[in-house]
Amino acid sequence: MDRSSDYTPPKVWTWNKPSGGRFANINRPTAGPTHDKELPVGRHPLQLYSLGTPNGQKVTIMLEELLALGHRGAEYDAWPIRIGEGEQFGSGFVAVNPNSKIPALVDRSAGAPIRVFESGAILLYLAEKFGALLPQGGAGRAECLSWLFWQMGSAPYLGGGFGHFYAYAPTKIEYAIDRFAMEAKRQLDVLDRRLAESSYLAGDDYTIADIAVWPWYGGLAKGLLYGAGEFLSVKDYTHVQRWADAIGDRPAVRRGRIVNRFQGDPANQLHERHDASDFELRTQDKLVAAK
């Protein structure tokens, strides 16, 4: 295949046309709000503004795990931010996350509200707040944080790289797909080698490292992302498969992964979450959650 291109990058890039693709209507090279819209506030101390994407699932899984451990202070309201409709550019959301990305958390449990944005930062904040799912010190803590930040650094290659060019780009570019497929498989191999020697990423115990990585790489391993399971031969990564199954079977994970979700089987969608009983309610718009 001829890989030459007639495109020559300009001396100075300017935004003079839509970028094309599925997300063209929300892509822009500037930050800040595009419209005024205040965020709703529920009755719980923790207010989450998110969407049921892999990054959003990290936080709802974490909160459901904390509740399962008996931390009643982890009760939360989860409000959807429909990123396809540009709700992340509302003034209220931008005040919580100036980067206009989900998820974003506001902790109103004591004194002035505390904003926390970036999914990894939220996981670490909650783990430290409740003293759970994070080793207290030494090698265990170092290992956990290393894998947490590995995920934060590697996910853009999977989502914005492989996922974008394989599933969403308006034009299939062989070089781009090959480049990011290679990196996605390398990352799966990194995980598979680690999980060959350890039950979980940080060792014998389930931690925020697993909660961060599972929605992305567990989802990829189980064919839940981009329809790319066969393309990337994900079944070959047997240790990742074992780990993905073990985490996916956790009741808190089953609950957390459907919160603020609007895609797929309606039975696996809970558009808003304000109480544990919401998982058992069945209405026209919200259906029961996990087993």
- Distance between Cα centroids, segment 38-56 to segment 63-106: provide it in whole Å. 3 Å
- Please find the FRET efficiency linking D205 to S109, where r is the Cβ-Cβ separation and R0 is fixed at 25 Å, and quote it to the nearest 0.05. 0.45
- Query: Once both labels are modelled 7 Å past Cα along the beta-carbon direction, what's the A176-R28 spacing in nm?
  - Reply: 2.2 nm
- Rounded to a whole number of µm²/s, how large is the Stokes-Einstein D of the chain at 20 °C and 1.002 mPa s, given Rh as the Kirkwood radius over C-alpha pairs? 106 µm²/s
- Given a Förster radius of 41 Å and the C-beta distance between T238 and E85 as r, what FRET efficiency does 1/(1 + (r/R0)^6) yield to the nearest 0.05? 0.55
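Which GluC sites (Glu not before Pro) from segment 207-280 combine a DSSP loop assignment with at most 12 other Cβ atoms within 10 Å?
Values: sites: E230, E272, E280; in loops: E230, E272, E280.
Passing both the DSSP loop test and the Cβ count: E230, E280.
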- Here the FRET efficiency for L69 versus W13, based on Cβ atoms and R0 = 51 Å and rounded to 0.05, is 0.55
- Residue-count net charge about L51 - beta-carbon cut-off 14 Å; Lys, Arg +1, Asp, Glu -1: +3
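Taken together, the values in this text are just the output of simple stated rules run on the coordinates, not laboratory data. Small disclaimer: the values here were computed from a predicted structure and weren't measured. When we count neighbours, we look across all protein chains shown, and the Cβ atoms used for this are built from the backbone with ideal geometry, even at glycine.
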